[in-house]
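K.L.:
Would you mind keeping the following structure in view while I ask a few things?
None of the figures in this text is laboratory data; all of them are computed from the coordinates on show. Small disclaimer: the values here were computed from a predicted structure and weren't measured. Virtual Cβ from ideal backbone geometry, glycine too; neighbours counted across all protein chains shown.
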Amino acid sequence: MPLDLNFELVSLGLLALFLFAGHKKPLLPTRPNRRFTQLCLLVFALNLLDVFTVFLSAHPGWLPLPARHALLAAYYMGQPVLFALVLNYCAWCARLPMAWLRRARWAAAAVTAPVCFLALASPFGGFLYTLLPAGGYARGPLYWLLGAQGALLLLGCFAILAARRAWLPRRRLAGLCAMAAWLALALGLQVLAVPGPLLFYVFAVLALLTAYVSGQNPDRYLHEGTGVFNHRALDELLQEYYHRGQPYMMAFLHTALPGDSRFVFNTDFELMVFSTAARRIRQAMPGACVFFLSRPRSFVVVSPAAPEAVSASTERAVAELRAGWQLDGHQVGLECTALLFDGRACAATLDEARILVENAFYLGDLPQTPSGVLWASDDTLEQLHRLIRVHLAVRRAVRLNKISVAFQPIVDTAGRMCAVEALARLEDPELGPVSPEEFVTAAETSGAILKLGQTVYETVLRFMAQNRDLFERLDYVSINLSPLQLGQPDLASRYLELAAFYGVAPERLAFEITESFHLTPDETLSRTLQQFHKAGAQLLIDDFGEGHSNLARILDMPLASVVKLERHVMAACLARDERLMGDLIGLVHDSGRGVVVEGVENELQFRRLTALGADWMQGFYFSRPLCLGDLRDYAAASPPAVPMG
């Protein structure tokens with residue numbers, strides 16, 4: 001068997017193997033994935049055509065002369081077309097704007113068209129090949145032309161990567177560069193006159209596989225426990241839709257195991273339930289993409305179908321999940337409601353769509369319908385738009401360092417200021433003043449809380465260093481720490497180094513542990529709190545009595561010296577039976593900690609809380625949050641404080 005044919009058959013086998021390996025898991029229906037499949041099929045077809053060309057050229061009597069010319073011309077035209085499609089694939093993977101894509105296509109066509117014309121004219125002029133009377137054919141300058149064309153296309157690929165490097169994740173950029181390197185090596189082997197296209201197809205297939213694994217690898221887009229498309233896959237598909245300007249519908253399926261099942265099944269079985277649920281959703285909503293989000297454990301469905309079709313299929317999916325099914329001998333089902341909306345109407349840009357995905361599951365209570373499916377109302381859409389605008393405002397403020405700091409006094413039972421709490425404030429040019437409840441929640445869900453918290457902390461340290469006469473009369477300045485900040489292993493070391501840099505003693509600092517969501521005690525948290533405590537900083541439990549901050553938190557944080565009682569808890573206790581408030585204060589005192597009551601708004605509350613044993617208080621009755629100049633005036637009017645013991 002000719003050496004050419006051996007290599008062709010080897011590359012065919014490799015291609016079949018790669019196609020099988022690449023498609024044995026579900027593929028995200030993005031254009032690069034479809035282009036990958038098309039390119040692989042084209043390489044397969046050209047490879048097969050070359051096998052026939054090599055074989056039949058050795059037997060000239062098997063085909064008439066026009067058929068032999070047609071076979072060779074088709075084969076030679078396929079080579080430059082493949083390079084043009086590879087360039088197009090690189091451009092799509094690089095997420096080029098549509099205008100750039102059009103230019104890339106015109107450039108590829110301009111380079112490809114002459115080679116195709118020469119291939120069509122070769123039967124008459126012998127430009128790229130010449131049939132030999134005894135069989136076979138002389139190749140002519142084809143590979144030199146392909147080498148020149150490939151070099152131009154590779155230069156175009158590298159220009160794309162260089163121009164759009166900031167758009168690409170490192171892994172995808174590395175994959176595309178590796179693909180270009182494989183193609184360059186294949187071209188080099190051809191230009192060096194390796195007999196026939198011996199290794200070209202092998203390297204072409206390896207190049208495509210490299211790009212696929214680095215940029216479109218299915219494992220990156222599947223949730224580990226369920227095998228369903230994950231958050232990264234959802235982001236990839238949204239990029240595709242916004243890149244192409246394609247409309248889409250989105251459904252948020254709020255799901256949960258029934259109340260009597262949550263303590264029966266273990267985590268592995270729960271993941272099996274959600275995996276089966278995703279399969280049932282796909283069956284009920286053909287043509288839609290189903291994504292599973294771990295927190296909360298719910299589904300997002302994206303569909304390009306019309307609203308009526310999406311509504312009907314979503315109702316079927318919700319009914320399927322509610323009806324339940326048998327799984328490993330258990331009857332299981334999910335409580336499920338769905339919120340539907342037009343994605344492009346709610347989110348005009350990709351950034352807004354990402355914000356929407358991060359936050360739509362945390363909307364307030366929505367009206368219930370018999371089918372469990374609800375289209376977003378005007379009020380809901382307004383709530384979503386407000387949520388998106390707040391998130392964008394937080395990002396702008398953090399990026400431009402426009403977060404300001406105010407200080408709210410903490411007073412003792414004699415009304416003397418003992419400490420202050422540093423509070424972040426945001427005033428946006430478009431939205432005006434944004435409430436802390438809104439922008440802190442937005443910062444936490446988007447991850448901007450890390451930068452925001454660092455900004456607030458450094459601002460406080462700078463104020464303390466520049467106004468020592470004011471802050472040294474206080475026992476401490478308290479700064480809030482969110483669970484996301486406490487999850488950073490180097491938080492304590494960084495914060496203590498910053499305090500030393502500004503010359504602020506750790507004893508003048510206190511850190512309030514806030515809990516917008518459950519904070520699980522672990523080694524990182526314990527080490528961070530121990531470092532703060534060992535350095536002399538105080539630890540406070542914030543918003544006790546609300547959400548996740550409860551008695552368990554007191555037990556989990558033995559190093560905390562002060563507990564701050566949340567204002568709604570205080571108001572509710574005083575309104576119903578003030579003995580409840582006394583019992584709560586006594587409980588904290590019995591644990592060996594002091595009590596700060598938040599939200600004191602009038603003299604009656606102040607007197608009642610003083611009588612019930614509160615140590616310190618904070619609220620609008622004493623002062624609203626103050627800028628630095630107003631705080632200095634307030635301190636001048638306040639009598640000297642007794643140190644907090």
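K.L.:
By how many nm would the segment from Leu498 to Ala319 grow when fully extended, if each residue of separation counts as 0.36 nm and the alpha-carbon distance is taken off?
P.N.:
58.9 nm
K.L.:
First measure r as the distance between the Cβ atoms of Ala45 and Ala99, then evaluate 1/(1 + (r/R0)^6) with R0 = 25 Å and state the FRET efficiency to the nearest 0.05.
P.N.:
The value I calculate is 0.20.
K.L.:
Separate question: Alpha carbons only, please: Rg and Dmax for the range 297-336, in angstrom.
P.N.:
12.5, 38
K.L.:
Thr369 versus Ala575, label points 7 Å from Cα toward the beta carbon: distance in nm?
P.N.:
Computed distance between label sites Thr369 and Ala575 equals 3.4 nm.
K.L.:
Need one number: nm distance between label points at Asp633 and Ala107, each 7 Å from Cα along Cα→Cβ, rounded to one decimal.
P.N.:
In this crude spin-label approximation the distance works out to 6.3 nm.
K.L.:
Something else now. Excluding Ile585 itself, what net charge comes from residues whose Cβ is under 14 Å from its Cβ, given Lys and Arg +1 and Asp and Glu -1?
P.N.:
Here the charged neighbours net out to -3.
K.L.:
With +1 on each Lys and Arg Cβ and -1 on each Asp and Glu Cβ, how big is the dipole of the range 421-511 about its Cα centre, in debye rounded to the nearest 20?
P.N.:
300 debye
K.L.:
Further question on the same structure: Taking N as the number of residues in the range 432-533, what is its alpha-carbon radius of gyration divided by 2.2 N^0.38 Å?
P.N.:
Taking the Cα Rg and dividing by 2.2 N^0.38 Å, one obtains 1.11.
K.L.:
Using 0.36 nm per residue, how much length does the chain from Glu603 to Ala414 gain when fully extended, once their Cα-Cα distance is taken away?
P.N.:
66.8 nm
K.L.:
Taking the simple approach of a point 7 Å from Cα along Cα-to-Cβ for both Ser404 and His589, what is their distance in nm?
P.N.:
4.0 nm
K.L.:
Relative to the present Cα-Cα distance, how much length would full extension add between Asp235 and Arg527 at 0.36 nm per residue of separation?
P.N.:
Roughly 101.6 nm would be gained on extension.
K.L.:
Sticking with this structure for a sec: When ranked by the protection proxy of mean other Cβ atoms within 10 Å per residue, highest first, what sequence do the peptides 384-394, 330-340 form?
P.N.:
Peptide ranking by packing, descending: 384-394, 330-340.
K.L.:
Could I ask something else about it? As I understand it, the dipole of the range 286-444 uses +1 on the Cβ of Lys and Arg and -1 on the Cβ of Asp and Glu, about the Cα centre. Which of Leu334, Gly287, Gln408 lies farthest toward its positive end?
P.N.:
Of the candidates, Gln408 comes out farthest on the positive side.
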